[in-house]
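Single-structure report; data block below.
The values are calculated or read from the model by the stated rules, or taken from the named source; none is laboratory data. Computed from a predicted model, the values in this text were never measured in an experiment. Here the Cβ is made from the backbone with ideal geometry for all residues, glycine too, and neighbour counts use every protein chain on show. Note: areas computed on protein heavy atoms with side chains; ligands, DNA, RNA excluded. Shrake-Rupley method; radii C 1.70, N 1.55, O 1.52, S 1.80 Å.
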Amino acid sequence: MGPPLSPAGRGARPLDWLADFPAIPDGWAYLDTAATAQKPKVVIDAIDKAYAETYATVHRGVYQRSADMTLAFEASRRRTAEFIGAAAPEEIVFVRGATEGINLVAQSWGGANLKPGDRILLSTLEHHSNIVPWQLVAERTGAAIDVVPLTPDHRIDLDAMAAMIRPEHKLVALAHVSNVLGSVLDAPRAAAIAHSVGAKLLLDGCQAVPRMPVDVTALGCDFYVFSAHKLYGPTGIGVLWARSEILDSMPPWQGGGAMIDKVSFERTTFAPPPARFEAGTPHVVGVLGLHAAIDYVTAIGLDAIAAHEAALVRAARERLGSFNSVRLFGPEDSAGIVSFAVEGVHPHDVGTILDESRVAIRAGHHCAQPLMQHLGVDATARASFGVYNSEKDIDALMHGLERVRKIFG
């Protein structure tokens, strides 16, 4: 079997995918894809065309260009539904990003369904955007929060979750892939545990969707969120998926144009989902950019992307492990992400020296302060991979870390 097909050209090797990304200059190792992915030219071109040639509002205009843009907008919804295995396009709600999607579920579903005595179950490794919205709704409704611990190899401990969960738990919210550790959740098992007591399961898919096939039906979850900008798409657009019967039961979160049926000063009635949750003029061009990004990764193949990143993770962990002063976090089979600490050197210093060597990593708490406390560190350095990376980038990372070692002795 030949190499995977790349948009850079039929039969292109994985390294050739780099040619699709005009913002990555020669000699620059971009290892911060978990924060945001660089954009391929096909996505940039789709955005440029939408603004420069076909731009119009959607759903409201009676003129032809508006009708054409509406068709393109709704085609993107259908494409997104197909991409993640949704049962129907109407289960796709366009939001500003995963953070807004989680807040929507917390405020709408949570506000309508949680009450004093109910409980919400999170895990130790969650991103702040999958912690703070639940704290806010818990304070408002009188619900309480419990936290699932991690296994010794830094995965969500589903045995502990099964022992902890009880009928008072109404909502479980977990990362499908950790943004710090790269650990992959056994989502079907997590769904089975949640559903055993009647709880709903929300999955934060930000780090999963760009690097592995996702089928929300097969996963068994009830809500799924992700952001386009980590999927090689534009910022300011994301997706909330939920089962249609759940969306139908949820009250509006924000009020405004496009989400209404009829408005009077005495009473307002609301549109069915997904319009009910898409108040105001949407990020039309962002949705078209998301469509282009989905087509891009699909052309490469999510299985090919997963295999490419897995090989880079194995190589990076092996070479980082050869440094006695480096402590590695996360499981050996982490998905596209390697977090580490250099003994005696703050991660910010590591990141600054690597930047001088033209290597871009992330250094800090990664919006996961409870996890940092669990790991016993203030921060970590994090290298994260995308389709444009190769072992040359790992070479650059190691060369930069040699400089760190020389500078700090």
### Message
Need the failing condition index for Gly236 against (1) surrounded by 23 or more Cβ atoms within 10 Å (Cβ to Cβ); (2) part of a loop (DSSP other than H, G, I, E, B), just the number.
### Response
(1)
### Message
Every residue in region 187-233 that is over 22 Å from Phe94 (Cβ atoms), in a helix (DSSP H, G or I), out of contact with any Pro (no Cβ under 8 Å at 6 or more places or on another chain) and not β-branched (Val, Ile, Thr), please.
### Response
Ala187, Pro188, Arg189, Ala190, Ala191, Ala192, Ala194, His195
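Each row is one residue, and each column tells you yes or no for (1) of a type outside the set (Asp, Glu); (2) open to solvent by 10 Å² or more (accessible area, probe 1.4 Å); (3) closer than 28 Å to Lys230 by Cα.
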residue: Gln135; (1), (2), (3): yes, yes, yes
residue: Leu150; (1), (2), (3): yes, yes, yes
residue: Ala163; (1), (2), (3): yes, yes, no
residue: Pro167; (1), (2), (3): yes, yes, no
residue: Lys170; (1), (2), (3): yes, yes, no
residue: Ala173; (1), (2), (3): yes, no, yes
residue: Asn179; (1), (2), (3): yes, yes, yes
### Query
Can you pull out the residues in region 152-161 that are open to solvent by 30 Å² or more (accessible area, probe 1.4 Å) and within 17 Å of Asn130 (Cα to Cα)?
Arg155
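So that you can scan it fast, the table gives a plain yes or no per residue for (1) open to solvent by less than 20 Å² (accessible area, probe 1.4 Å); (2) in a loop (DSSP other than H, G, I, E, B); (3) under 27 Å from Leu201 (Cβ atoms); (4) not hydrophobic (A, V, I, L, M, F, W, C):
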{"residue": "Trp241", "(1), (2), (3), (4)": "yes, no, yes, no"}
{"residue": "Pro252", "(1), (2), (3), (4)": "no, yes, yes, yes"}
{"residue": "Gly257", "(1), (2), (3), (4)": "no, yes, no, yes"}
{"residue": "Lys262", "(1), (2), (3), (4)": "no, no, no, yes"}
{"residue": "Glu266", "(1), (2), (3), (4)": "no, yes, no, yes"}
{"residue": "Gly280", "(1), (2), (3), (4)": "no, yes, no, yes"}
{"residue": "Val287", "(1), (2), (3), (4)": "yes, no, yes, no"}
{"residue": "Leu290", "(1), (2), (3), (4)": "yes, no, yes, no"}
{"residue": "Tyr296", "(1), (2), (3), (4)": "yes, no, no, yes"}
### Residue under evaluation Ala307, criteria (1) surrounded by fewer than 17 Cβ atoms within 10 Å (Cβ to Cβ); (2) among the hydrophobic types (A, V, I, L, M, F, W, C); (3) more than 20 Å from the chain's Cα centre (by Cα), criterion not met
(3)
### Query
Of everything in region 57-69 that's touching a residue at least 60 places away in the same chain (Cβ under 8 Å) and in a loop (DSSP other than H, G, I, E, B), which residue is least open to solvent (accessible area, probe 1.4 Å)?
Val58
## Note on the structure
Here the residues within region 351-393 that are among the aliphatic types (A, V, I, L, M) and under 22 Å from Asp153 (Cβ atoms) are Ala368, Leu371, Met372, Leu375, Val377, Ala379, Ala381, Ala383
#### Entry: region 371-403, residues that are loosely packed, with under 15 Cβ neighbours inside 10 Å, touching a residue at least 12 places away in the same chain (Cβ under 8 Å) and in a loop (DSSP other than H, G, I, E, B)
Asp378
## Note on the structure
All-but-one check, Leu231 against (1) open to solvent by less than 40 Å² (accessible area, probe 1.4 Å); (2) on the phi > 0 side of the Ramachandran plot; (3) hydrophobic (A, V, I, L, M, F, W, C), failing number (2)
### Task
Test Ala315 against the stated conditions and say whether it is open to solvent by 20 Å² or more (accessible area, probe 1.4 Å), over 22 Å from Ala72 (Cα atoms), of a type outside the set (Phe, Trp, Tyr) and assigned to a helix (DSSP H, G or I).
no
### Message
Can you tell me which residue is nearest to the chain's Cα centre (by Cα) among those in region 321-335 that are among the aliphatic types (A, V, I, L, M) and farther than 12 Å from Ala310 by Cα?
### Response
Leu328
### Task
Could you please find all residues in region 330-361 being within 29 Å of Asp215 (Cβ to Cβ) and open to solvent by less than 30 Å² (accessible area, probe 1.4 Å)?
Gly330, Pro331, Ser334, Ala335, Gly336, Ile337, Val338, Ser339
### Summary
If you go through Glu91, Glu53, Glu74, the only one that is within 21 Å of the chain's Cα centre (by Cα), farther than 30 Å from Gln369 by Cα and open to solvent by 10 Å² or more (accessible area, probe 1.4 Å) is Glu91
### Hits in region 181-207 - residues which are of a type in the set (A, V, I, L, M, F, W, C), open to solvent by less than 10 Å² (accessible area, probe 1.4 Å) and more than 16 Å from Ser227 (Cβ to Cβ)
Leu181, Ala187, Ala190, Ala191, Ala194, Ala199, Leu201
### In region 1-40, the residues that are modelled with pLDDT under 95 and aromatic (Phe, Trp, Tyr)
Trp17
### Message
Thr36 - would you say it is open to solvent by less than 50 Å² (accessible area, probe 1.4 Å), in contact with a His (Cβ under 7 Å, 6 or more places away or on another chain), under 24 Å from Ala98 (Cα atoms) and without any contact (Cβ under 8 Å) to a residue 60 or more places away in the chain?
### Response
no
